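Structure first, commentary second.
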Amino acid sequence: MEVFLIKLLQFILSISLLVLLHEGGHMLASKIFGVRVEKFFIFFDVSIGKWSGKLFSFKPKNSDTEYGMGWLPLGGYCKIAGMIDESMDTEQMKRDPQPWEFRTKPAWQRLIIMVGGVTVNFVLALFIYSMIMFHWGQSYVRMADMTYGMEFNNDAERLGFHDHDILLGTNIRPFKDFNVDVYRDLSQATYADVLRQGKHVRVALPGNINLLDMIKNKPQFVRPFIPAVVDSVVQRMPVAEDSKDTVVSPATAMGLRKGDRIVAFNGKHISSYNDFTDVINHLDSQMTAASTHADSLRLRQVTLVVARAGQKGTAQTDTLSGVLTSDLKVGFQAADVKRLYKVTHIDYGFLESFPAGIRYGWDVLSGYVSDMRYVFSAEGAKSLGGFGAIGSLFPSQWDWYQFWMMTAFLSIILAFMNILPIPALDGGHVLFLLFEIITRRKPSETFMIRAEYIGITILILLMVVANLNDILRWLGIL
């Protein structure tokens, strides 16, 4: 429960900040052009019976705006006078237009008001990334420094990759570090350059590999090669998730020690830590199908063969047996990439941080936009995630670096999704305003109301699909 609450608090704080500033962008632009903002709310104040749905609200003296917070944490809104929006206040539109209303302003002013929110989110994301660069700098492991190279799945090996190849780059660009851009480039490239046993080798690629398959296949198309060597052993572990009661970890009970190299798991050869996690994942799928406690206990009884390093580098092989925890935890950690290899760290001065942050943010945005084409495939639709998926991206412990990285990422997503030309989103209003500016013809209010209904319906359907995917993934169905 504690982990859930930490993730939830980070999620709510991040979304609240983004919504506050997004709607603030609309309100600022409205105030500049003399348009009244009737309500400015964080979360939605959906009424229930006689209850207005407001957790609290206030209206400053001599102000036209009511500020407050609703009970439904699905975003927020800024109710602009004389505008057809998600509030669907059609009664207001029946009255005579007033000079302080949105609908009486020139189209170019209305356009600026509509892009005010996404502009703030784009600028905010770039600012956060810049301040991250200034405060924490940038740390990464260069691909060229990953001396163990990569581990490839069968699809990659059929194309000509070999385990332990060190990826250098493609015809698109050289590789800097291992991240999702590696998959993107390999999916579109016509060749990749690798370092194989000290020699440069070029591997021909088709240029149209499905990115989703590369990432979702188990094992994935390519992963950093992590030796199956015990880096640390957990002495005691919680009895169950979020429990304060502890027991001796399976690793400790079996006698695993720092420096041990796992060479077999239940008789299956293990050549890397990646192989070890693949076996655990397969065991997890078998656990899901287990119908009785006895079946579950039998699956959790495992045998490891480990090679122990002697004082002079000789290896002694031991066979260890034990019972894994109910969630298949062993109780040891392998070294991660940043512990295995030399870490490159770059510090930025205040002025230097801005171009670095902008470049980083632009790469994030371009990658996200590039991946959008997969949303319209069957597998892409399954990969959609709702509030649960987004919340799970936050760390289980409060970490300001990860919090701000996630907030900047969500700010970019919020900006991009809002500018899509879908009625009820800012992009839908922008589309109609551009049509008005170009044709000198303003869409009728009846058309705008119907378009708003259509847009809201589309958004609700997308939200239902995304959150249903979260539930199906939680149940292990998807």
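The values are calculated or read from the model by the stated rules, or taken from the named source; none is laboratory data. Nothing here was measured: the structure is a model prediction, and the numbers come from that model. When we count neighbours, we look across all protein chains shown, and the Cβ atoms used for this are built from the backbone with ideal geometry, even at glycine. Keep in mind that these areas ignore ligands, DNA and RNA; they rest on the heavy atoms of the full protein, side chains included. Shrake-Rupley method; radii C 1.70, N 1.55, O 1.52, S 1.80 Å.
Can you find, among LEU256, ALA289, ASN274, the residue sitting farthest towards the positive end of the charge dipole of the stretch 245-294, where Lys and Arg contribute +1 and Asp and Glu -1 at Cβ? Final value for the positive-end residue is LEU256.
Kirkwood radius for the stretch 60-152, taken over all pairs of different Cα atoms as the inverse mean of 1/r, rounds to 18.4 Å. Ligands, DNA and RNA left out, the 1.4 Å accessible surface of the stretch 200-282 is 54% carbon and sulfur atoms.
Using r as the Cβ-Cβ distance of LYS61 and LYS216, and R0 as 51 Å, what FRET efficiency do you calculate, to the nearest 0.05?
0.35
Quick check on my link table: of LYS218/LYS258; LYS7/LYS342; LYS7/LYS244, which ones sit more than 22 Å apart, alpha carbon to alpha carbon? Checking Cα-Cα distances, LYS218/LYS258; LYS7/LYS342 exceed 22 Å. Our Cα-only numbers for the stretch 105-223 put the radius of gyration and Dmax at 19.9, 68 Å.
For the stretch 1-125, the Cα gyration tensor yields ellipsoid semi-axes of 28, 19, 12 Å (square root of five times each eigenvalue, largest first, whole Å).
Taking 18 Å as the straight-line reach from the Cα of LYS61, the aspartates and glutamates in range (excluding those fewer than 8 positions away in the same chain) are GLU38. With the largest listed first and rounded to whole Å, the semi-axes of the equivalent ellipsoid of the chain from the Cα gyration tensor are 50, 27, 21.
Helix 107-136 and the longest principal axis of the C-alpha atoms of the chain enclose an angle of approximately 30°.
Take every Cα pair under 8 Å in the chain that's 6+ residues apart, average their separations, divide by the length, and report that relative contact order as a whole percent.
Reported as a whole number, the value is 18 percent.
Using alpha carbons only, how many angstrom separate the centre of the stretch 281-348 from the centre of the stretch 10-81? Here the answer is 50 Å between Cα centres. Near VAL201: Cβ cut-off under 11 Å, other residues only, Lys/Arg at +1 and Asp/Glu at -1. The net charge is +1. Around the Cα centre of the stretch 74-193, unit charges on the Cβ atoms of Lys, Arg, Asp and Glu (plus for the first two, minus for the last two) sum to a dipole of about 780 debye.
In the chain, the calculated helix contribution to ellipticity at 222 nm averages -14500 deg cm²/dmol per residue, counting -39,500 (n - 2.57) for every DSSP H run with n ≥ 4.
Report the net charge of residues surrounding SER370, where surrounding means a beta-carbon distance below 13 angstrom and charges are Lys +1, Arg +1, Asp -1, Glu -1.
Its environment carries a net charge of -2.
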